[in-house]
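Peer 1: This is the structure I want to talk about, given as structure tokens.
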Amino acid sequence: MKLTSRIPLSCCVLSTLILGTFSLTAHADEKLVLLTSWYAQAEQGGYYQALATGIYKRYGLDVTIQSGGPQINGMQLLLSKRADVIIGYDLQLLDAVQRGFQAKAIAAPFQFDPQGLLTHASVTSLDGLKGKTILVSSSGQSTWWPWLKERYHLSDSQARPYTFNIQPFVADDNVAQQAYVSSEVFQAKKAGVKSNFFLFSEHGYPPYGGILITRPDLIDSRKDAMAKFVRASMEGWVSYLQNPAPGNALIKKDNPKMTDDLLDWAVLQIKQHHLIDGGDAATQGWGTMTQARWQKTRDFMVNAKLLNADTDWKQAYTTQFVEHMDVKP
């Protein structure tokens with residue numbers, strides 16, 4: 001007589017559901033939230049490219065990109081665990097470390113800050129700024145302005161607020177203003193103003209630009225995910241500068257005010273000024289950071305009285321994710 005095991009159908013269904021759920025969970029992509037420093041634009045192109053082309057997905061990451069802006073405090077959102085990684089700046093981070101905040105840079109996609117000064121054509125060097133009105137944003141007051149003021153012997157009486165409106169510059173030949181090479185310079189050209197642009201990094205301004213910052217607890221608890229995120233992001237930048245179309249499509253979706261001609265201009269400037277592939281990145285791989293560069297920024301801040309000399313500045317960064325990565329075309 002043949003014996004047959006009888007298992008209730010409900011148990012089979014339950015087992016299948018449990019196994020199915022476990023399988024989906026085991027293979028689910030790791031979620032990460034990246035908060036940018038501004039509205040979607042070419043300066044974030046590598047991250048949008050990694051999302052658009054599936055690079056993040058290939059590394060097992062489910063990345064959400066959230067746009068920053070003038071009213072958004074990225075460091076605050078990072079520390080309150082509403083973002084996993086933010087795009088920030090060396091000076092901001094060193095000040096945060098001085099205040100005892102737990103934050104750490106993990107890569108420097110922009111080897112040089114895109115920040116500079118836009119002047120009328122009559123100003124042919126930064127030595128020609130005496131007597132000019134210089135428009136400086138509130139953040140610029142505690143970053144590049146102390147450097148520019150000290151290096152070129154300028155005065156605080158020359159500074160006026162910059163409100164991210166180019167019209168005061170267009171209307172007055174005696175005005176110079178802060179500018180990104182990838183945005184305001186393009187606006188001046190479209191307005192028909194004959195102008196010059198001076199990229200601060202080409203005149204000795206030391207900071208990186210657009211560094212990736214996370215929390216030490218995430219480095220400890222999600223080290224593998226962070227390593228994958230850094231590598232995938234830099235591969236995204238390589239891809240973006242080769243063919244930016246996929247990333248640009250997502251940028252325009254997130255920021256409908258972004259135009260094709262501005263994006264084309266920005267990508268061209270990033271390439272021409274070697275903002276990503278220049279400096280140490282040319283030999284050590286894109287996204288690299290070095291102690292020497294961080295120390296130059298630290299020394300500038302101390303000299304400008306923006307940082308206490310006893311601040312443990314080496315706590316502001318780790319090179320563990322970039323020192324052997326060697327991502328480049």
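Peer 1: Can you tell me the dipole magnitude for the range 123-240 around its Cα centre, using point charges on the Cβ only (Lys, Arg +1; Asp, Glu -1), in Debye to the nearest 20?
Peer 2: 140
Peer 1: Using a 1.4 angstrom probe, figure out how much accessible area the range 186-329 has per residue, in square angstrom, rounded to the nearest whole.
Peer 2: Per-residue accessible area for the range 186-329 comes out at 46 Å².
Peer 1: Give the angle, between 0 and 90 degrees and rounded to the nearest 10, that separates the Cα long axis of helix 9-26 from the longest principal axis of the Cα atoms of the chain.
Peer 2: The answer is roughly 30 degrees.
Peer 1: Please give me the summed charge of the neighbours of V267: other residues whose Cβ is under 15 Å from its Cβ, Lys and Arg +1, Asp and Glu -1.
Peer 2: Neighbour charge sum, excluding V267 itself: -3.
Peer 1: Moving to a separate point now. With +1 assigned to the C-beta of every Lys and Arg and -1 to the C-beta of every Asp and Glu, and no other charges, what is the dipole magnitude of the range 198-329 about the Cα centre in debye, to the nearest 20?
Peer 2: Around 180 debye, computed over the range 198-329.
Peer 1: Looking at H153, F110, Q41, which one has the Cα that reaches farthest to the positive end of the dipole of the chain (charges on Cβ: Lys, Arg +1; Asp, Glu -1)?
Peer 2: So the residue furthest toward the plus end is Q41.
Peer 1: To the nearest Å, what is the center-to-center distance of the range 218-256 and the range 71-145, using C-alpha atoms only?
Peer 2: 21
Peer 1: Taking the chain as the reference, fit the longest principal axis to its C-alpha atoms, fit the long axis of helix 291-303 to the helix C-alpha atoms, and give the angle between the two in degrees, 0 to 90, nearest 10.
Peer 2: Orientation of helix 291-303: about 50 degrees from the principal axis.
Peer 1: Nothing charged except the Cβ atoms of Lys and Arg (+1) and of Asp and Glu (-1): what's the magnitude of the dipole of the chain about its Cα centre? Round to the nearest 20 debye. Please list the in-between numbers first.
Peer 2: On the way: 32 positive and 30 negative charges, 155 e Å.
The calculation lands at about 740 debye.
Peer 1: While we're here: Counting only residues 5 or more places away or on other chains, whose amide H sits under 5 Å from the amide H of F110 once H atoms are built in the peptide plane?
Peer 2: Result for F110 returns G209.
Peer 1: Once you sort the root eigenvalues of the Cα gyration tensor of the range 273-329 as a ≥ b ≥ c, which label holds: rounded (a/c under 1.5), prolate (a/b larger than b/c) or oblate (the other case)? Display every interim value, and only then the final one.
Peer 2: Details: a/c = 4.01, a/b = 1.89, b/c = 2.12.
Since a/c reaches 1.5 but b/c is at least a/b, the shape of the range 273-329 is classed as oblate.
Peer 1: Follow-up question, since we're still on this one. Run the accessible area of the range 97-195 with a 1.4 Å probe and give the carbon-and-sulfur part as a rounded percent.
Peer 2: So the carbon and sulfur contribution to the accessible surface is 48 percent.
Peer 1: Pop out the ³J(HN,Hα) list for the range 254-268 in order, Karplus 6.51 cos²θ - 1.76 cosθ + 1.60 with θ = phi - 60°, rounded to Hz; leave Gly and Pro as x.
Peer 2: Once θ is set to phi - 60°, the couplings for the range 254-268 become 6, 9, x, 6, 6, 10, 4, 5, 5, 4, 4, 4, 5, 4, 4 Hz.
Peer 1: Placing +1 on the Cβ of each Lys and Arg and -1 on the Cβ of each Asp and Glu in the range 219-329, which of V327, Y240, N308 has its Cα farthest towards the positive end of the resulting dipole?
Peer 2: N308
Peer 1: Then there's this: How much FRET efficiency would the formula 1/(1 + (r/R0)^6) give for Q71 and D312, where r is the Cβ-Cβ distance and R0 is 45 Å, rounded to 0.05?
Peer 2: 0.90
Peer 1: Rounded to whole Å and sorted largest first, list the principal axis extents of the Cα atoms in the range 81-185.
Peer 2: Over the range 81-185, Cα extents along the principal axes are 46, 26, 23 Å.
Peer 1: To the nearest 0.05, how large is the calculated FRET efficiency for K57 and L268 if R₀ is 35 Å and r is the Cβ-Cβ distance?
Peer 2: Efficiency, from the Cβ-Cβ distance: 0.75.
Peer 1: Using a cut-off of under 14 Å, list every residue of the range 95-123 whose amide N is near the label point 7 Å from the Cα of R160 along the Cα-to-beta-carbon line.
Peer 2: 120
Peer 1: Please list, in order along the range 116-124, the HN-Hα scalar couplings obtained from phi with the Karplus expression 6.51 cos²θ - 1.76 cosθ + 1.60 (θ = phi - 60°), rounded to whole Hz, x for Gly and Pro.
Peer 2: Taking θ as phi minus 60°, the curve returns x, 10, 9, 10, 6, 4, 5, 8, 9 Hz for the range 116-124.
Peer 1: Would you mind telling me which residue in S122, S137, S201 has the biggest mean-square fluctuation in a Gaussian network model of the chain, where springs connect alpha carbons within a distance under 10 angstrom?
Peer 2: S122
Peer 1: To continue, here is another question. Can you send over the carbon and sulfur percentage of the accessible area for the range 224-329, probe radius 1.4 Å, protein chains only?
Peer 2: Working: 2430 of 5070 Å².
Carbon plus sulfur share of accessible area: 48 percent.
Peer 1: Put +1 on the Cβ of every Lys and Arg and -1 on every Asp and Glu Cβ in the chain; which of L78, A281, S137 then has its Cα farthest towards the positive end of the dipole?
Peer 2: Comparing the listed Cα positions along the dipole, L78 ranks first.
Peer 1: Something else now. Cα centroid distance between the range 27-50 and the range 282-329, in Å?
Peer 2: The range 27-50 and the range 282-329 have Cα centres spaced 22 Å from each other.
Peer 1: Put a dot 7 Å past each Cα toward the Cβ at K305 and H324; how far apart are the dots in nm?
Peer 2: Each label point is offset 7 Å from its Cα along the Cβ direction, giving 4.6 nm.
Peer 1: Relative to the longest principal Cα axis of the chain, at what angle does helix 223-242 sit, 0 to 90 degrees, rounded to 10?
Peer 2: 60
Peer 1: How about the range 51-123: which trypsin sites (Lys or Arg not before Pro) there are in a DSSP loop, with at most 14 other Cβ atoms within 10 Å of their Cβ? It would help to have the intermediate numbers written out before the result.
Peer 2: On the way: sites: K57, R58, K81, R82, R99, K104; in loops: K81, R82, R99.
The qualifying sites are K81, R82, R99.
Peer 1: What residue among A105, A83, A292 shows peak mean-square fluctuation when the chain is described by a Gaussian network model with Cα springs under 10 Å?
Peer 2: A292
Peer 1: Connecting C-alpha atoms closer than 10 Å in a GNM of the chain, tell me which of G45, G279, G236 has the biggest fluctuation.
Peer 2: For the chain, modelled as a Gaussian network with Cα springs under 10 Å, the answer is G279.
Peer 1: Would you please put 242-251, 224-233 in order of how densely packed they are, using the mean number of other Cβ atoms within 10 angstrom per residue and starting with the highest?
Peer 2: Packing proxy ranking, top to bottom: 224-233, 242-251.
The values are calculated or read from the model by the stated rules, or taken from the named source; none is laboratory data. What you are looking at is a predicted structure, and each value in this text was computed from that prediction instead of being measured. Virtual Cβ from ideal backbone geometry, glycine too; neighbours counted across all protein chains shown. Each accessible area value is taken on the protein alone, full model and side chains, heavy atoms only, with ligands, DNA and RNA left out. Shrake-Rupley method; radii C 1.70, N 1.55, O 1.52, S 1.80 Å.
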